[in-house]
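Written below as structure tokens is the structure these notes are about.
The values are calculated or read from the model by the stated rules, or taken from the named source; none is laboratory data. None of these values were measured; they are calculated from a predicted model. Cβ atoms come from the backbone with ideal geometry, glycine included; neighbour counts cover every protein chain shown. To get the accessible areas, we keep the full protein, side chains included, count just its heavy atoms, and leave off ligands, DNA and RNA. Shrake-Rupley method; radii C 1.70, N 1.55, O 1.52, S 1.80 Å.
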Amino acid sequence: MALQNTNPTKTAAWQKLQENYTNTKNLKVKDLFKDDENRAKKLTIKDNDFLFDYSKNRITEDTVKHLLELANQVDLKGAIENYFKGEPINQTEGRAVLHTALRAKESDTVLVDGKNVIPEIYAVKEKIKNYTESIISGKSKGYTGKAFTDVVNIGIGGSDLGPAMVVESLKFYKNHLKMHFVSNVDGDHVHQILKELNPETTLFVVVSKTFTTQETLSNATTIKKWFLNPEFKTKESDIALHFAAVSTNATKIAEFGIDANNVFPMWDWVGGRFSLWSAVGLSIALSVGFTNFNNLLMGANEMDEHFRNTDFSENIPVVSALLTIWYNNFYNAETEAIIPYSQYLSRFSAYLQQGIMESNGKSVDRNGDPVTYQTGTIIWGEPGTNSQHAFFQLIHQGTKVIPAEFIGFKESLFGDQDHQDKLMANFIAQTEALLNGKTKEEVLAELQEKGLSDKEIEDLLPFKVFEGNKPTTTLLINKLTPKSLGKLIALYEHKIFVQGIIWNIFSYDQWGVELGKQLASTVLKDINSDKNETHDPSTLQILEGYKK
Ligand code: F6P
């Protein structure tokens, strides 16, 4: 069944939300807490290890009610079923969107064109298990009989960001293999990494859903050439020991010369930016072992079940997505900050930038008409507490509404309680500060206590007042484990889905990325020729400047 096609701004709920916005925009959330002592409890969703507190947002109970009505009026429930059942909801590419099937239970059934894909998924998982165990244990060896010490993931976009983010996030759980990620077509990236490597003990994993991506093929070709350098005494046949590939494109992999035994298939119903659960996650399994990789998948499965089966009012991805709609479409907030209080999650925002912005950066609705409302949010963020000393000033006292999501963990991994308490004190205090701000009266009392003169106080006071009322949502998780990480990533995947459904856009294509790729190939031809194709004067000037 096709997705319902509703302009969200034409729903009754949207009109109510518009009225609600007008009536509530000047309210102070700190006053709402005074008015209702149960607000924090009411606007919190808890399960066995997630505490999702959205009570510090600029919303009333009526706002939540109307947002939930909006979800119903665009038939979110029906859309979720279409998504999980493998209907071709990626309509512009005629494909299902089934990353959820990759972490489904073995006993589940998911049909694609009438065929249950679960046995095939589990066969690939078994292959990942056997392959990674043999590399990690040292059973598989390189061309000189030595065990592998280093792994290089060659991919870009979804074939890089997901594995790179998870490998970094789960560094605590990793084994002896040193992981490297080559993505950029910038030759300095690949050559810098090669400089550190010994060909005898390095495994290369080429990851590309299409196996046509310029960056990945250039890097893989450069690495293959390096590997076959006579100085290393390698032969063509040694490639079979040192190269593996993940792709839907078996023909192109064969052309590249990778041994069929080292080829891991994926499917066109898995989008690149949602593919880390497939064999694209081979580097993850190599880094932390198959059991941890599988736990990551099982954590995602837990979130899938929560999302599919829980009433919207208690559904974390649904509520989280509705909050984005609220700020993006009623407060005209353009960005959202994601601030994990864990250094391990330093790549998390970069990963979500692709997931969220490549999915929902669309300006045409599901009818093919230009949208008349704002869609995709701009995502940014860095771990706390570093970010507090970088861009938090603007969140506290700048002129923009920036909804911020705070993600923290109750337990640290090394168990240094002194550091953990300090980290979490900051995590908690920042949302409190953003909520309450600091009034004129409070600043006055503070400056008087410091003994400043009346004149000094008058001069300083306006700069020290914090307006507060800055919206934040807090997600407190028990501990950073493969399972909780899987659950967290899946939360955002479903949030993306809900937003796309409400905005009435197609979240699973990315045509916008294609134009730049096409033009780059024309420019590359021009760079290597005496003549140029037709370009605008600025482009021509830069091109000529580069050629000289
Ligand atoms: O940036 C566009 C894109 O198609 C992404 O969606 C994808 O993750 C990336 O390029 C890499 O594609 P591939 O895995 O086919 O090399």
Exercise. Looking at LYS209, is it within 16 Å of the ligand (Cβ to nearest atom) and under 28 Å from GLU514 (Cβ atoms)?
Worked result: yes
For this session: With the condition kept exactly as written, say whether any residue in segment 254-262 is outside the structural domain of LYS525 (by TED's automatic domain parsing), open to solvent by 60 Å² or more (accessible area, probe 1.4 Å), free of Cβ contacts under 8 Å to residues at least 24 places away in the same chain and within 16 Å of the ligand (Cβ to nearest atom).
Result: yes
Problem set entry | segment 192-213 residues that are without any contact (Cβ under 8 Å) to a residue 60 or more places away in the chain, paired with ones that are among the basic types (Lys, Arg) and within 15 Å of the ligand (Cβ to nearest atom) (beta carbon under 9 Å, 6 or more apart) | SER208/LYS252; THR210/LYS252; PHE211/LYS252; THR212/LYS252; THR213/LYS517
Exercise. In segment 139-172, what residues are of a type in the set (Ser, Thr, Tyr) and either surrounded by 22 or more Cβ atoms within 10 Å (Cβ to Cβ) or touching a Lys or Arg at 6+ places or on another chain (Cβ under 9 Å) (or both)?
Worked result: TYR143, THR144, THR149, SER159, SER169
Problem set entry | Condition broken by PHE293, with the remaining ones in (1) within 13 Å of the ligand (Cβ to nearest atom); (2) part of a helix (DSSP H, G or I); (3) among the aromatic types (Phe, Trp, Tyr) satisfied | (1)
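For segment 482-490, check the following and say yes or no: at least one residue is assigned to a loop (DSSP other than H, G, I, E, B) and surrounded by 13 or more Cβ atoms within 10 Å (Cβ to Cβ).
no
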Exercise. Are any residues in segment 1-57 crowded, with 17+ Cβ neighbours inside 10 Å, touching a strand residue (DSSP E or B) at 6+ places or on another chain (Cβ under 8 Å) and of a type in the set (Gly, Ala, Ser), and if so, which ones?
Worked result: SER55
Exercise. Is one or more of the residues making up segment 275-290 assigned by TED's automatic domain parsing to the domain that holds VAL124, open to solvent by 10 Å² or more (accessible area, probe 1.4 Å), more than 15 Å from the ligand (Cβ to nearest atom) and without any contact (Cβ under 8 Å) to a residue 24 or more places away in the chain?
Worked result: no
Exercise. In segment 229-240, how many residues are surrounded by fewer than 16 Cβ atoms within 10 Å (Cβ to Cβ) and either touching a Phe, Trp or Tyr at 6+ places or on another chain (Cβ under 8 Å) or not hydrophobic (A, V, I, L, M, F, W, C) (or both)?
Worked result: 7
Problem set entry | Unique match (being over 23 Å from ASP160 (Cβ atoms) and assigned to a helix (DSSP H, G or I)) among ALA321, ALA300, ALA285 | ALA321
Seminar exercise, completed: Those residues of segment 146-173 that are under 21 Å from the mean Cα position of the chain (by Cα) and more than 16 Å from the ligand (Cβ to nearest atom) come to a total of 7
Exercise. For GLU106, which of the numbered conditions (1) open to solvent by 40 Å² or more (accessible area, probe 1.4 Å); (2) in a helix (DSSP H, G or I) fails to hold?
Worked result: (2)
Exercise. Within segment 381-466, which helices (runs of 4 or more DSSP H) (wholly inside it) include 3 or more residues that are exposed (fewer than 13 other Cβ atoms within 10 Å of the Cβ)?
Worked result: 417-436, 440-449, 454-464
